[in-house]
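The numbers here are math on the coordinates, done by the rules we state, and not lab data. Remember, it's a predicted structure, so these values are computed and weren't measured experimentally. Here the Cβ positions follow ideal geometry from the backbone for every residue, glycine too, while neighbour counts run over all protein chains shown.
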């Protein structure tokens with residue numbers, strides 16, 4: 001089959017051009033014959049060269065089409081709910097915990113109907129479940145939850161349907177995408193709509209990368225046409241869904257706050273409770289909070305109870321020799337004096353405590 005589809009057409013192309021080209025330059029023949037053979041030999045070459053013109057024109061048209069759609073006005077006072085047609089992914093929790101949305105609804109089902117569930121609702125809530133998720137690591141969600149002292153976080157629940165009004169984000173399901181027209185793309189577009197009951201959906205955001213191709217050099221003819229070289233739209237890099245949505249909604253991640261964000265007093269109360277807990281898992285969470293936040297909302301006396309715990313002090317002393325000490329200890333070293341005092345009150349030994357304090361004070365931002 002490969003011979004039929006690929007080898008034979010390519011062989012015929014070159015045999016035509018070379019054979020008729022030879023007849024055109026063959027000696028001892030009238031000028032009219034040379035012209036006729038030359039025209040016939042040039043026909044497949046003209047077909048090949050026309051691909052460069054049509055390919056570039058199609059590419060330019062596609063870019064203009066994308067620019068027109070992407071230029072729609074940003075929504076004023078955008079809704080606080082988002083319905084996602086696409087996969088369940090971590091960026092959805094990140095947007096909720098940033099405070100960009102009150103709730104995000106997402107379904108992996110490929111039905112295209114809101115009333116067909118189940119749907120997952122992601123909302124920022126105060127929940128004991130926040131203590132059991134992403135308490136370790138350095139990912140964005142873990143950092144936000146530690147900064148909230150795990151009082152509140154993005155909590156997921158299953159719901160029967162998604163709301164009919166709000167924002168709808170089409171990503172990843174090609175048959176939901178209505179603006180594709182005639183062009184194909186290897187990178188799935190983003191479509192952001194504002195939906196209202198009884199009104200036509202309003203497009204308020206669009207991203208797609210222009211797609212095009214030029215004939216390969218040298219020409220390779222197949223039964224489906226000339227093999228193409230892909231034109232890459234490098235000027236229009238694909239943003240993350242999070243970056244695309246924040247931009248289209250005119251939101252700044254640095255200033256966003258979730259509506260139910262815990263107060264400083266609530267965070268301190270939660271930290272103290274965890275630090276004084278008899279459960280080592282709670283103390284590990286308290287250490288994580290102090291490591292991430294430092295003195296952002298904690299005072300020196302808040303961490304004293306934590307530092308008196310033998311397991312915590314032992315971990316700090318043992319890590320003081322490591323090259324990764326500063327990155328592992330984070331902002332906890334802003335309490336370097338208290339760490340030193342607590343160490344000397346323990347049975348770690350003066351030499352070990354001096355090394356710990358020296359290592360802590362060498363960390364950037366330590367006091």
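Normalised radius of gyration (Cα atoms, divided by 2.2 N^0.38 Å) for the chain: 1.54. Between residue 26 and residue 280, the modelled labels are 9.3 nm apart [label points 7 Å from Cα along Cα→Cβ]. Take the Cβ atoms of residue 5 and residue 164, set R0 to 51 Å, and the FRET efficiency comes out at 0.55. Averaging 1/r across all pairs of distinct Cα atoms in the range 225-322 and inverting the result yields a Kirkwood radius of 17.7 Å.
With r as the distance between the Cβ atoms of residue 345 and residue 88 and R0 = 51 Å, compute the FRET efficiency 1/(1 + (r/R0)^6) and round to 0.05. Walk me through the numbers on the way to the answer.
Details: r = 48 Å, r/R0 = 0.95.
That gives a FRET efficiency of 0.60.
Dividing the summed -39500 (n - 2.57) terms of all DSSP H runs of n ≥ 4 by the residue count of the chain sets its mean residue ellipticity at 222 nm at -13500 deg cm²/dmol. The peptide list 266-278, 58-70, put in order of mean Cβ contacts within 10 Å with the highest first, becomes 266-278, 58-70. Between residue 129 and residue 243, the contour length at 0.36 nm per residue exceeds the alpha carbon distance by 38.3 nm.
Kirkwood Rh, the range 2-69, all Cα pairs: how many Å? Walk me through the intermediate numbers first.
Working: mean 1/r = 0.0687 Å⁻¹.
It works out to 14.6 Å.
Scaled against 2.2 N^0.38 Å for its residue count N, the alpha carbon radius of gyration of the range 259-367 is 1.02.
Taking R0 as 25 Å, what FRET efficiency do you get between residue 77 and residue 260 from their Cβ-Cβ distance, rounded to the nearest 0.05? Walk me through the intermediate numbers first.
Numbers: r = 20 Å, r/R0 = 0.81.
The calculated FRET efficiency here is 0.80.
Extending 7 Å from Cα along the Cβ direction at residue 43 and again at residue 67 yields two label points whose distance is 3.9 nm. Expressed as a fraction of 2.2 N^0.38 Å, the value expected for a compact globular protein of N residues, the C-alpha radius of gyration of the range 246-299 is 1.46.
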